[in-house]
Structures are given as C-alpha cells and as structure tokens.
1. Run the numbers on the chain and let me know its relative contact order in percent, using alpha-carbon pairs under 8 Å that are six or more apart.
2. Tell me whether region 68-186 comes out rounded, prolate or oblate; compute the Cα gyration tensor, take square roots of the eigenvalues as a ≥ b ≥ c, and use a/c under 1.5 as the rounded threshold.
3. Sorting check: for 208-214, 181-187, which peptide has the highest mean count of neighbouring beta carbons within 10 Å, and how do the rest follow?
4. Past the 20 angstrom mark, what percentage of all C-alpha to C-alpha distances in region 21-124 do you count?
5. Over the Cα atoms of the chain, Rg to Rh with Kirkwood Rh, two decimal places?
6. Just 161, 24, 117 to compare: in a GNM of the chain, with alpha carbon springs under 10 Å, which one fluctuates most?
7. Hey, what angle do you get for helix 2-12 against the long axis of the chain, alpha-carbon based, 0 to 90 degrees rounded to 10?
Ligand code: MG
C-alpha cells in the first residue's frame, strides 16, 4: 500500500505541502478516472421568447397554424397581440402533430372575476395530453371547488400538491413531463405518468394515471397511440401565449409501477 502510494506520488510529480496533504495536482489526477466526457449533450439555444431550439414552437404569437379543430378544420380561437383567446362555443383545438412522451410548456390566464360565476364555471379550460388526459385549467384564486378539479389537478384523479395560482389576469406557467402509457394485448402495461410544475412549483410528482380523465364515471382504459395535445373550450375566454413542446423518449427509463 505504501509502495503504491509512493508510486502515485512519483508518477504524478506531485508534492506535499505538508506530510499527508496531497497537492491540488495530485487530487485532480486522482479525480480523472470517474470523469465522463462522452457523449456530449447537445447544446440548446433559446429564442427571444425563451423557446428552446430543440422544441416545437406551438404558438409564435401570430397564428394558430399548428392547431386545428377536432374535425380537422382551422382552429377558431382568436389571435391578437400575441395572445390566443378561447372563443366560447367554437370547440376544442388540437395540435396537428401527434405526440407521446413530451415536455410541455404553456402559459395561460383566466379572465377578470365574474361574480355571477363560481367553481367550475370560472376560467375553465384544460390541457389534454394525447387528447385524453386533462390537467385542469381554472380560476383557482379564491374560488373553491372540488380539489381534484381545481387548477393543476389531473382531472378527477389527483389534486395538486399545493395551490400555486396567482390572481386573475396574471399569467400562469405550466411545465409538464409526461410519459405516455404503454398497451400490450389490449391492457395498459404502463400507465401514463405526469409531473407538473405550476409557476415553478411542483404540484404533480410523477403521478400514475388510472385512465382517461372523465367528468362522469371512472377512468377508461382504451388502447391508443400518440395523439395531439388538446386545449379545451369550456365556455370561458381563457387566454394562452408561449406554448412549446419537446419530444421525449422516457418510456424505458421511467419507474415501473
Ligand atoms: Mg377543464
């Protein structure tokens, strides 16, 4: 052991400031075996709106060209001053492209309080992963409702860990990591999993969904493939701006239930 230590000292040309205290050069040399240099992670750049260069920009502020109605028609929501507004009655909108595992960023805000509306009627919309699994959008600022239906809830399945909602007319940020379900022989062998941050605060932590997010009745398990991201028209003029998505491949690395 002493010979080995001596050998290291000699081969590194290291010196001790005092006996038992190795030089910085020696420590650096000893740290080398545990360093990994390849493969080098790809470099991501950001545009003026903070959209990562490896993301798909779902709304650049001027048109809904990446969106359509469920019937495949041009999306009927309004676009003005870089903001999308739900046109009540025009229907949900869906991305033209389909996605499975994703990272999703979107910013939304609810209208000024209308005191004639309460609970689920106030500022309701929603974002549906694979057009099936809803993360609730709602005015949850001083607006009681069932907790598995408040903003940030995985609708009727998982309330948010905390209420991170700020006042109406203020922009809210959702950041999500979503792992799509896997189906084998007609059964769900791996459930969808969702992590959600609301205004940077963790509100859903790798939650396993038991099926679709139904208003009435239990979740449904029906095999499906990749599908569009859907934004809900629930009759309120909720607004959206920066929205981008990054395709991921996390099925192999996510924890099995
Ligand atoms: Mg909703």
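Since every read-out is calculated from the coordinates, none of them should be taken as a lab result. Fair warning: this is a prediction, and the values are worked out from it, not measured in the lab. Quick reminder, even Gly has a Cβ in these numbers, built from the backbone with ideal geometry, and neighbours come from all protein chains shown.
1. About 24 percent, as a whole number.
2. Since a/c reaches 1.5 but b/c is at least a/b, the shape of region 68-186 is classed as oblate.
3. Ranked from most to least packed, the peptides come out as 208-214, 181-187.
4. Considering region 21-124, 63 percent of its Cα-Cα pairs are separated by more than 20 Å.
5. 1.18
6. Taking springs between Cα atoms under 10 Å, the residue moving most is 24.
7. 70
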